[in-house]
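Heads up: the structure comes next, in structure tokens.
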Amino acid sequence: YTSVGLMILFIAYIYTGLYSTMNLAIRSLMHSARKVATGEYDEPINIHTKDELSAVAAAMDMMRLSIQEREERLAIMSQTDSLTQLYNRQYFDEALDVSLANSLRHHTPFTLVMIDIDLFKSINDTYGHQVGDDCLRLVAKLLQHQYQRKTDVVARYGGEEFIAILYGATLEEAEVQTEALRKTIENCPINSGEEVIHLTASFGLAALTSPNMCTSSELIALADALLYQSKNSGRNRLSSASFSNDNSKIANG
């Protein structure tokens with residue numbers, strides 16, 4: 001009876017230990033599953049057991065990594081223009097608000113550059129949309145090459161228009177960079193298969209300097225007005241100004 005009693009106690013002890021270990025492992029898995037369900041993917045899923053639960057944990061961790069990769073891919077796609085691989089308009093709008101707020105808070109110079117390919121409609125009508133798309137991709141690539149600081153944001157604004165946020169750049173610095181870009185575009189022709197197309201672009205540069213203050217829509221309006229000033233003056237050129245209450249009248253016509 002004593003031996004049987006000791007054996008029963010031993011089995012009960014083992015069972016209690018196994019139950020406690022399994023219960024702890026299951027709780028850990030449930031905790032990890034809840035974190036993944038709420039979008040927290042950084043913490044690996046791992047339990048210290050050598051049974052079927054460890055295999056379940058490994059499978060769940062593979063699922064976590066797969067979901068994280070897919071979410072990151074979708075996030076990039078939601079920010080990117082599919083044709084040019086630049087940022088899209090939605091991302092630009094959000095980035096502009098952040099850059100403008102930082103510029104005003106820290107008194108940091110900040111220049112907005114609006115770009116439009118000259119006579120793009122004529123290129124599309126004459127050579128077809130495929131050639132037009134090639135032109136857009138080429139200009140996008142040149143923009144990325146020119147404005148490549150970590151704080152620069154280059155986006156497709158719509159149609160044949162592009163826009164760049166040059167955070168920390170004075171108007172003079174932005175003018176030097178953009179003039180170099182203008183010359184590069186002018187010297188990079190497109191071969192349509194039938195003939196060579198020489199591209200040019202017009203630019204509007206609107207800078208914000210302390211202590212002036214403005215909204216994002218006011219700065220965009222000024223850059224847009226300066227862009228059309230370039231186009232009306234013969235195209236393939238820059239027009240620039242620093243934002244103030246006086247030149248805000250340019251944006252209002």
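The values are calculated or read from the model by the stated rules, or taken from the named source; none is laboratory data. What you see is a predicted model; the values in this text were computed from it and never measured. Every residue, glycine as well, gets a Cβ built from its backbone with ideal geometry; the counts of neighbours run over all protein chains shown. When the accessible area is computed, the model is the full protein with side chains, heavy atoms only, and any ligands, DNA or RNA have been set aside. Shrake-Rupley method; radii C 1.70, N 1.55, O 1.52, S 1.80 Å.
Odds and ends about this structure:
- Sequentially through the range 152-166, phi angles give Karplus couplings (6.51, -1.76, 1.60; θ = phi - 60°) of 6, 10, 10, 9, 7, 8, x, x, 9, 9, 10, 8, 9, 9, 10 Hz, Gly and Pro residues having no value and appearing as x.
- Charge sum, other residues only, whose C-beta stays under 13 Å from Ser217's C-beta, Lys/Arg counted +1 and Asp/Glu -1: -4
- Chain lengthening between Glu94 and Ser233 when straightened (0.36 nm per residue, less Cα-Cα): 46.9 nm
- Residue-span extension gain [Thr209 to Ala59] - 0.36 nm each, minus C-alpha spacing: 48.5 nm
- Relative to the current alpha-carbon distance between His198 and Arg34, full extension at 0.36 nm per residue lengthens the span by 53.3 nm.
- Shown here for the range 158-253: trypsin sites (Lys or Arg not before Pro) in loop regions (DSSP other than H, G, I, E, B) with at most 15 other Cβ atoms within 10 Å, namely Arg235.
- Surface analysis of the range 68-170 yields an accessible area of 51 Å² per residue, using protein heavy atoms and a 1.4 Å probe.
- Each DSSP beta bridge with both residues in the range 135-253 is either parallel or antiparallel, and the antiparallel ones are about 60%.
- Annotation for the range 171-214: GluC sites (Glu not before Pro) lying in DSSP loop with at most 13 further Cβ atoms inside 10 Å of their Cβ are Glu194, Glu195.
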